[in-house]
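A.B. asks: This is the structure I want to talk about, given as structure tokens.
The values are calculated or read from the model by the stated rules, or taken from the named source; none is laboratory data. This structure is a prediction, so every number in the text was calculated from the model and none was measured. No Cβ is skipped: glycine too gets one built from the backbone with ideal geometry, and neighbour counts run over all protein chains shown.
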Amino acid sequence: MQKDTLVRFLRYRNHLFSIAMLALACAGALAQDKAIPVADAAAQGAPAMPTDSRELLQLAAESNGLTGAGVQPWHLKVSYTALDESGIATGQGTFEELWAAPRKDKTTYSSAGFTQTNYRTDKGLYRTGAQTFPPAPLGRAASEFSSPFFSSVSGPSGAAAAAFLQAWILGKEEKRNQNGMKLRCVDVKGWTSAAGTRPMNGPTFCFEADRPILRSSSNPMDSTEWALSNILSFQGRYIAGDIEEIRNGKPILKAHLENIELLKTVDEAEFAPPADAVLVPLKVNISGGVAAAMLVQRTVPEYPIEAKQGGISGTVVLQATIGKDGHVTDVQPMSGPPELRQAALDAVRTWVYKPYLLNGDPVIVNTTVNVVFTLGN
């Protein structure tokens, strides 16, 4: 009993030490106008690596991205190239974000086929330009730079993140060697809540072996992996200089951080929605696993005869919006055999889910849906 108490005390002490070191690094970096390579920031000191997986995730949440306490206003610009499953470029563009506070944020997407600006305010989210959500996978890519850790799971950032992390059920930690780099990888297997324990095919997070730098996250529900490289230090936190989305082993989007800097002055007019901006109904993003557990009415997709005769099978991944009443209001194909996509779309449009509640009220959700077509079934 005394031994267990001592072990817990030592773990707690080490975790506090890690946070203290991170705080010192952050304090020394607040005057840092530009991002610098992590190697050049080594003199600032890196927080000690916890041996416990949960403590590692907590430290990683505090170390990666640009959310949480102590973050100063910032501005970033990213360029991206979307690719098809053959690796051919299908589109290019940029997104730009100005952040001053959790509810004072402006994000602009610009490309040949999609232009949109979002204003996050105390009164809600306002939007100009295209009124649909950004094309997949661009919406997720934008959050991978500023909030890479929590974009893999529908969860909070900032003060609520610690409690959210404590609810996770973790799998066994695994050591990997990827491109000559030693990684520590942790699986999220489920979570606990007032409703009890629930299983989940959650994401896997992989970090550098000696620093809490997130290098990749993957989710088996949508066969997607996000690879982070060219890591930079900014405000004492780790930011990816390049991000690649990989689906079924093939890159489908590449994004590059063109610029990131402190926002030295906060111009209130810059964050004020113009008169023609539209108030967007509240939406939350949930993982495919959470959505699957809410499904109450499912129409079996009709296997296209031509595809079956041609021996075509596989998984169609869709991006779906589910209304407050649980009915699917919008669905778009993300990947999968073209011959099977229409059948998947036709079926999922009729699916019905249990309404998703936020603070007791139903809200609109965005999620991914996997439709599997198997020959012989």
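A.B. asks: Those residues that are without any contact (Cβ under 8 Å) to a residue 40 or more places away in the chain and either part of a strand (DSSP E or B) or within 22 Å of Ala269 (Cα to Cα) (or both), I need them from the range 123-134; list them, please.
C.D. replies: Step one: of the range 123-134, the residues without any contact (Cβ under 8 Å) to a residue 40 or more places away in the chain are 129-130, 134.
Answer for the range 123-134, where residues must be without any contact (Cβ under 8 Å) to a residue 40 or more places away in the chain and either part of a strand (DSSP E or B) or within 22 Å of Ala269 (Cα to Cα) (or both): Gly129, Ala130.
A.B. asks: All but one of (1) more than 20 Å from Thr132 (Cα to Cα); (2) touching a residue at least 12 places away in the same chain (Cβ under 8 Å); (3) surrounded by fewer than 17 Cβ atoms within 10 Å (Cβ to Cβ) hold for Phe373; which doesn't?
C.D. replies: Here Phe373 meets the rest and fails (3).
A.B. asks: Also, I was wondering about something else. What about Gly202, is it at positive phi and at pLDDT below 90?
C.D. replies: no
A.B. asks: Can you find even one residue in the range 141-154 that is in contact with a Leu (Cβ under 9 Å, 6 or more places away or on another chain), within 19 Å of Gln332 (Cα to Cα), crowded, with 19+ Cβ neighbours inside 10 Å and modelled with pLDDT under 95?
C.D. replies: So far as the range 141-154 goes, yes, one or more of its residues are in contact with a Leu (Cβ under 9 Å, 6 or more places away or on another chain), within 19 Å of Gln332 (Cα to Cα), crowded, with 19+ Cβ neighbours inside 10 Å and modelled with pLDDT under 95.
Residue by residue, here is whether (1) within 17 Å of the chain's Cα centre (by Cα); (2) modelled with pLDDT of 95 or more; (3) not in a strand (DSSP E or B) holds:
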{"position": "Glu225", "(1), (2), (3)": "yes, no, no"}
{"position": "Tyr238", "(1), (2), (3)": "yes, no, no"}
{"position": "Gly241", "(1), (2), (3)": "yes, yes, no"}
{"position": "Glu245", "(1), (2), (3)": "yes, no, no"}
{"position": "Leu253", "(1), (2), (3)": "yes, no, no"}
{"position": "Leu257", "(1), (2), (3)": "yes, yes, no"}
{"position": "Thr265", "(1), (2), (3)": "no, no, yes"}
{"position": "Glu270", "(1), (2), (3)": "no, yes, yes"}
{"position": "Ala275", "(1), (2), (3)": "no, yes, yes"}
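A.B. asks: Filter the range 289-338 down to the residues that are in a loop (DSSP other than H, G, I, E, B) and basic (Lys, Arg), then identify the one that is farthest from Thr350 (Cα to Cα).
C.D. replies: Among them, the one singled out is Lys324.
A.B. asks: Can I ask one more? Give the residues of the range 214-230 that are more than 18 Å from Tyr80 (Cβ to Cβ) and in contact with a Lys or Arg (Cβ under 9 Å, 6 or more places away or on another chain), sorted by residue number.
C.D. replies: Correct list: Asp222, Ser223.
A.B. asks: Restricting attention to the range 205-221, does a residue exist that is of a type in the set (Lys, Arg), under 21 Å from Gln235 (Cβ atoms), touching a Cys at 6+ places or on another chain (Cβ under 6 Å) and at pLDDT 85 or above?
C.D. replies: yes
A.B. asks: Could I ask something else about it? Looking only at residues in the range 277-288 that are assigned to a loop (DSSP other than H, G, I, E, B) and of a type in the set (Gly, Ala, Ser), which one is surrounded by the fewest Cβ atoms within 10 Å (Cβ to Cβ)? Don't jump to the end; show me each part of the working.
C.D. replies: Applying the first criterion (assigned to a loop (DSSP other than H, G, I, E, B)) to the range 277-288 yields 277, 281-282, 286-287.
When the remaining residues are screened for being of a type in the set (Gly, Ala, Ser), the result is 277, 287.
Details: Ala277: 17, Ser287: 22.
Among those residues, the one meeting the criterion is Ala277.
A.B. asks: Filter the range 75-122 for residues that are touching a residue at least 60 places away in the same chain (Cβ under 8 Å) and among the aliphatic types (A, V, I, L, M) and give the result.
C.D. replies: Leu76, Val78, Ala82, Leu83, Leu98, Ala100, listed by residue number.
A.B. asks: Look through the range 50-69, keep the residues that are part of a helix (DSSP H, G or I) and in contact with a His (Cβ under 9 Å, 6 or more places away or on another chain), and return whichever of them is surrounded by the most Cβ atoms within 10 Å (Cβ to Cβ).
C.D. replies: Here the residue is Leu59.
A.B. asks: Filter the range 73-96 for residues that are within 17 Å of Ala130 (Cβ to Cβ) and within 19 Å of the chain's Cα centre (by Cα) and give the result.
C.D. replies: Tyr80, Ala82, Thr94, Phe95, Glu96
A.B. asks: Given the options Leu282, Leu295, name the one that is more than 28 Å from Leu66 (Cβ to Cβ) and under 27 Å from the mean Cα position of the chain (by Cα).
C.D. replies: Testing whether each residue is more than 28 Å from Leu66 (Cβ to Cβ) and under 27 Å from the mean Cα position of the chain (by Cα) leaves just Leu295.
A.B. asks: Could I ask something else about it? Spot the failing condition for Ser229; the list is (1) in contact with an Asp or Glu (Cβ under 6 Å, 6 or more places away or on another chain); (2) touching a residue at least 40 places away in the same chain (Cβ under 8 Å), and only one is missed.
C.D. replies: (2)
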